[in-house]
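What follows is a single structure, written as structure tokens, with notes after it.
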Amino acid sequence: MPETLTVPTPFTARVVERLGVGPAGRPERVIHSLDGLEASVRPSDLTAVGGELWQCVRQEIPAVGNGVDFVLGLDAGGILPTVALTGAAGLPYKIAWKLDLPLKGRVRFTEPHANRTDVFVYGISAGQRILLVDDEITTGRTLADLTVRLREAGALPLGAACLVEDTEQEGRSRLADLDLPLVCLTRLGDSR
């Protein structure tokens with residue numbers, strides 16, 4: 001029987017209007033081809049995107065060459081790219097959750113545009129080398145606050161990797177002000 005090769009579809013992203021959003025919420029949402037909103041996602045697509053994202057990280061964030069203790073994915077959109085990237089890289093991961101628990105090494109940070117703004121990560125200690133992962137970056141406020149809080153705990157955020165960067169709100173410059181490199185697979189901006 002002949003072998004059939006499945007070629008992954010290219011990664012795509014776009015901005016859509018959010019319906020029923022209150023005054024504190026964001027009026028738009030970045031959607032992409034791994035979120036399963038418009039079409040089902042093949043495991044091979046997830047694997048391919050994880051490999052591509054890891055390759056970009058290795059090329060654009062030199063500090064990862066000195067070792068990464070774990071990848072930290074953000075609840076909820078950052079879970080899929082975190083699993084995809086760590087699968088390609090062979091690295092362990094943790095997920096930051098909107099759960100306040102009595103666990104050691106607790107670090108609280110905020111996601112200012114969310115309905116529930118408090119996010120927590122556990123098991124953080126001084127000297128840990130951490131790569132941050134989320135699905136998209138717009139304002140950069142969440143990743144910036146996480147970076148500051150991790151550094152206060154003595155951890156070393158090496159950089160951030162995202163699937164999509166919405167350049168409209170200049171989140172990249174907010175992270176650059178913190179000397180946190182940002183890698184993204186695709187960018188949306190003025191032409192969106």
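Computed FRET efficiency, Cβ-Cβ of ALA39 and ASN115, R0 35 Å: what is it to the nearest 0.05? Calculated value: 0.85.
If you plug the beta carbon distance of ASP177 and THR47 into 1/(1 + (r/R0)^6) with R0 = 35 Å, you get a FRET efficiency near 0.55. In terms of its C-alpha gyration tensor, the stretch 65-123 has an oblate overall shape, because the principal axis ratio a/c (a ≥ b ≥ c, square roots of the eigenvalues) is not below 1.5 and a/b does not outweigh b/c. P(r) tail for the stretch 78-192: Cα pairs beyond 17 Å make up 55% of the total.
Once backbone amide H atoms are built at 1.01 Å from N, ILE61 has no partners under 5 Å, excluding neighbours fewer than 5 places away on the same chain. Note on exposure: ARG106, ARG42 ranked by accessible area (1.4 Å probe, complete protein assembly) read ARG106, ARG42, with the most exposed listed first. Distances between placed amide hydrogens fall under 5 Å for GLN128 paired with LEU156, all partners being 5 or more residues away or on another chain. Shown here for the stretch 28-96: GluC sites (Glu not before Pro) in loop regions (DSSP other than H, G, I, E, B) with at most 13 other Cβ atoms within 10 Å, namely GLU38. Remark: spin-label model distance GLU17-GLN169 equals 1.9 nm, labels positioned 7 Å along the Cα→Cβ axis. Sorting LEU150, LEU156, LEU91 by accessible area puts them as LEU156, LEU91, LEU150; the probe is 1.4 Å, largest comes first, and only protein heavy atoms count. At 222 nm, what value in deg cm²/dmol follows for the chain if DSSP H runs of at least 4 each add -39500 (n - 2.57) and the sum is divided by all its residues, to the nearest 500? Mean residue ellipticity, 222 nm, calculated: -7500 deg cm²/dmol.
Over the stretch 47-106, Cα pairs under 8 Å with separation of 6+ residues give a relative contact order of 39 percent.
The Stokes-Einstein estimate for the stretch 1-112, based on a Kirkwood radius over Cα pairs and taken at 10 °C with 1.306 mPa s viscosity, is a diffusion coefficient of 95 µm²/s. Remark: spin-label model distance LEU99-TYR122 equals 0.7 nm, labels positioned 7 Å along the Cα→Cβ axis.
SER40 sits with roughly 110 Å² accessible to a 1.4 Å probe, with DNA, RNA and ligands left out of the calculation. For the stretch 32-142, the antiparallel share of DSSP beta bridges with both residues in that region comes to about 40%.
Based on C-alpha pairs under 8 angstrom that are at least 6 apart in sequence, the stretch 86-191 has a relative contact order of 22 percent. Close amide H contacts of ARG187 (hydrogens built in the peptide plane, cut-off under 5 Å, sequence separation of 5 or more or a different chain): GLU165. With R₀ set to 25 Å, the beta-carbon distance separating CYS56 from LEU156 gives a calculated FRET efficiency near 0.80.
The values are calculated or read from the model by the stated rules, or taken from the named source; none is laboratory data. Keep in mind that this is a model prediction, so the values were computed, not measured. Using ideal geometry, Cβ is built from the backbone for each residue, glycine included, and neighbour counts are taken over all protein chains shown. The protein model used for the area step is the full one, side chains on, heavy atoms only, and it has no ligands, DNA or RNA in it. Shrake-Rupley method; radii C 1.70, N 1.55, O 1.52, S 1.80 Å.
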